[in-house]
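Engineer: My structure is below; once you've seen it, I'll send some questions.
Every number in this text was worked out from the coordinates using simple rules, so none of it is lab data. Just so it is clear, the model here is predicted, and its values are computed rather than measured. In this analysis, Cβ positions are derived from the backbone assuming ideal geometry, glycine residues included, and neighbour counts consider all displayed protein chains.
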Amino acid sequence: MKLVKNDLIKAFSLYEEKALKHRRFKHATILQLLDCEKISRRFSVTEIGKSVEDRSIFRLTYGNGPTKLLLWSQMHGDEPTATMALFDLFNFFNGEADGFAEFRQEIASKLTLHFIPMLNPDGAERYQRRTAMDVDMNRDARATATVEGALLKEQAALIKPDFAFNLHNQNNYYNIPGTPTPVAISLLAPAYDYARNINLVRANAMRVIVGIHEKLQEFIPGAVAKYDDEHTPRGFGDNFQQWGISTILIESGACVGDSEKLEIRKCNFVALLHAFAEIASTAYLAHDVVDYERIPFNDEKLHDVVIRNLSIVKNEKTMLVDVAVRQSEKTVGSDYYVEGVIEDIGDLQDFYGYQDVDVKGMQFIPAKSYTDQLSVEEVSLPLVATLLKKGFGTVRIAGEALRGQRHDYPINIILGNHPRAAESAILALGGAANFFIGTEQELRYAVINGYWLDLKEQLSGQKYKNIIY
Ligand SMILES: [Zn+2]
């Protein structure tokens with residue numbers, strides 16, 4: 001039985017796990033989900049071990065067919081998108097009276113699906129890549145120094161899967177070569193040696209990928225790429241492939257306007273369900289490895305903001321440059337703030353920005369600091385809008401206890417004489433992205449902590465992820 005596009009859309013909308021709507025969920029949330037009776041309707045749930053900090057790691061098993069699959073997610077704690085999709089799949093396979101019964105039975109009779117969601121719960125707790133021991137688990141397949149990595153290896157030896165799915169997130173700056181399109185999903189059949197040879201094991205992984213790629217084109221046309229295929233002898237995917245298990249890497253990337261990656265999560269759901277169907281029916285065998293080779297590799301030429309043809313003056317010399325800005329996320333508890341920095345200055349013709357603006361005829365204007373000290377209550381969106389229009393990028397407030405607190409205003413808020421005010425007056429590589437753009441007569445745009453603001457537009461209700469310095 002085949003699932004066409006509309007079936008997949010319907011399945012996702014019926015079974016998307018509503019408890020997982022934000023990326024920074026933790027182990028406690030998935031514990032709650034796994035504790036529900038409904039999850040074990042058609043799955044056997046086994047605790048396979050504990051993380052260094054004693055968080056339980058589970059394996060869920062569906063079906064009893066002869067072909068065995070092992071999937072794991074979030075071995076990097078800050079890469080949660082596929083974990084969301086796995087819970088959507090658990091809901092799907094537990095569902096009923098929806099027209100998918102035949103499909104479920106087919107999968108259950110042909111395949112045994114083993115899932116390990118959130119393999120690195122300690123990393124997820126901190127929203128960090130590495131384990132609690134600060135080891136990158138995906139560089140630990142050979143040494144297996146981490147208890148979590150050793151668990152995965154043990155499961156592979158126990159289950160002896162025919163196929164493995166290694167589920168990750170890649171950063172937001174990968175694009176389809178020669179285009180500004182962010183890569184939504186990248187795929188890889190990891191190489192088991194430096195020569196990138198293709199044996200039957202790897203070829204079958206490639207064939208499954210060709211099927212996934214074809215299906216994803218219906219959902220995200222022109223936004224699927226291949227991940228770098230250099231052999232990494234410490235990586236799990238590379239080792240699984242070497243152990244004779246056809247292994248598929250799925251990297252969740254980015255879509256414009258999808259900061260919580262809910263669209264990408266849907267793509268994971270679609271990709272995996274389609275892969276299960278093709279493996280169950282052996283339809284994947286009809287795909288040609290040549291079509292795998294045709295999938296373009298990730299390029300990495302995106303920035304959050306690219307400003308083109310900005311005039312800057314230094315030492316009385318005027319230059320015309322492009323400026324790239326990136327925002328990085330800093331975790332605070334279950335929330336985060338961003339730090340916008342100048343990523344590059346120069347000729348960026350071959351690069352792209354999520355915000356991409358030509359400002360020819362305009363110049364860099366340093367952001368000023370508002371000298372009056374305000375109370376935190378006095379800061380409001382209308383005041384911020386007024387200050388921005390006058391070229392102020394920073395305001396001072398009183399109250400030492402407020403330092404480090406999150407705020408949603410598109411302006412720098414500092415206490416006392418924090419150096420950020422001075423840093424914001426210059427354009428420096430690696431420095432804070434705070435400045436104005438305009439002419440002698442008019443301020444036209446502002447960049448505040450990496451956020452792009454059009455001063456002719458009203459400030460939106462957008463929540464700017466900033467902190468008080
Ligand atoms: Zn990863």
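Engineer: If amide H atoms are built 1.01 Å from N in the plane of the peptide, which residues on other chains or at least 5 residues away come under 5 Å of the amide H of Leu427?
Structural biologist: Long-range HN contacts for Leu427: none found.
Engineer: Residue by residue, what Karplus-based ³J(HN,Hα) values in Hz, rounded to whole numbers, does region 234-248 have, using 6.51, -1.76 and 1.60 with θ = phi - 60° and x for Gly and Pro?
Structural biologist: Whole-Hz 3J(HN,Hα) from phi for region 234-248: 8, x, 5, x, 4, 6, 4, 4, 5, 6, x, 10, 5, 10, 10.
Engineer: Once phi is turned into ³J(HN,Hα) by the Karplus curve 6.51 cos²θ - 1.76 cosθ + 1.60 with θ = phi - 60°, what whole-Hz value does each residue of region 288-305 show in order, with x for glycine and proline?
Structural biologist: Rounded to whole hertz, the list is 9, 4, 4, 6, 5, 4, 6, 5, x, 6, 3, 10, 10, 10, 9, 9, 5, 9.
Engineer: Under a Cβ-only charge scheme (Lys and Arg +1, Asp and Glu -1), can you give me the dipole magnitude of region 303-467 about the Cα centre, in debye to the nearest 20?
Structural biologist: 320
Engineer: Could you run the Karplus curve 6.51 cos²θ - 1.76 cosθ + 1.60 with θ = phi - 60° over region 410-417 and give me ³J(HN,Hα) per residue in whole Hz, x for Gly and Pro?
Structural biologist: Along region 410-417, the couplings run x, 7, 7, 10, 10, 10, x, 10 Hz.
Engineer: What distance in nm separates the simple spin-label points at Val45 and Lys330, each placed 7 Å from Cα in the Cβ direction?
Structural biologist: Each label point is offset 7 Å from its Cα along the Cβ direction, giving 3.8 nm.
Engineer: Kindly state, to the nearest 0.05, the FRET efficiency for Arg126 paired with Glu316, given R0 = 41 Å and r defined as their beta-carbon distance.
Structural biologist: So, using R0 = 41 Å, E works out to roughly 0.25.
Engineer: If you keep only loop residues by DSSP, which GluC sites (Glu not before Pro) in region 229-329 have at most 10 other Cβ atoms within 10 Å of their Cβ?
Structural biologist: Taking region 229-329 and a limit of 10 other Cβ atoms within 10 Å, the loop GluC sites (Glu not before Pro) found are Glu316.
Engineer: Also, quick follow-up: Name the residues whose placed amide hydrogens come within less than 5 Å of the amide hydrogen of Gln355, ignoring near sequence neighbours (fewer than 5 apart) on the same chain.
Structural biologist: Placed amide hydrogens put Val305, Val306 under 5 Å from Gln355.
Engineer: Here is a follow-up. Could you give the length gained by full extension between Lys18 and Glu260, i.e. 0.36 nm per residue of separation minus their alpha carbon distance, to one decimal place?
Structural biologist: 85.8 nm
Engineer: Report, to two decimal places, the Cα Rg of the chain normalised by 2.2 N^0.38 Å (N = number of residues).
Structural biologist: Scaled against compact globular proteins, the figure is 1.08.
Engineer: If you don't mind, another one. Summing +1 for each Lys or Arg and -1 for each Asp or Glu, what net charge is found among the other residues whose Cβ lies under 13 Å from the Cβ of Val325?
Structural biologist: It works out to a net charge of -4.
Engineer: Please arrange Val338, Val290, Val325 by counting, for each residue, the other beta carbons lying within 10 Å of its beta carbon, fewest first.
Structural biologist: Val290, Val338, Val325
Engineer: Full-extension gain between Ala28 and Ile426, please, as 0.36 nm times their residue separation minus the C-alpha to C-alpha distance.
Structural biologist: 138.9 nm
Engineer: Same structure, new question: Once amide H atoms are built 1.01 Å from N in the peptide plane, which residues 5 or more positions from Gly253, or in another chain, come under 5 Å H to H?
Structural biologist: Long-range HN contacts for Gly253: Gln170, Ile185, Ser186.
Engineer: State which entries of Lys26/Lys215; Lys21/Lys110; Lys360/Lys390; Lys26/Lys160 exceed 26 angstrom in Cα-Cα distance in the structure shown.
Structural biologist: Over 26 Å apart, Cα to Cα: Lys26/Lys215; Lys21/Lys110; Lys26/Lys160.
Engineer: A further question on this structure: Relative to the present Cα-Cα distance, how much length would full extension add between Thr67 and Arg406 at 0.36 nm per residue of separation?
Structural biologist: 117.1 nm
Engineer: Output the peptides 59-70, 437-448 sorted from most to least packed, where packing is the average of other Cβ atoms within 10 Å over each peptide's residues.
Structural biologist: In descending order of packing, they fall as 59-70, 437-448.
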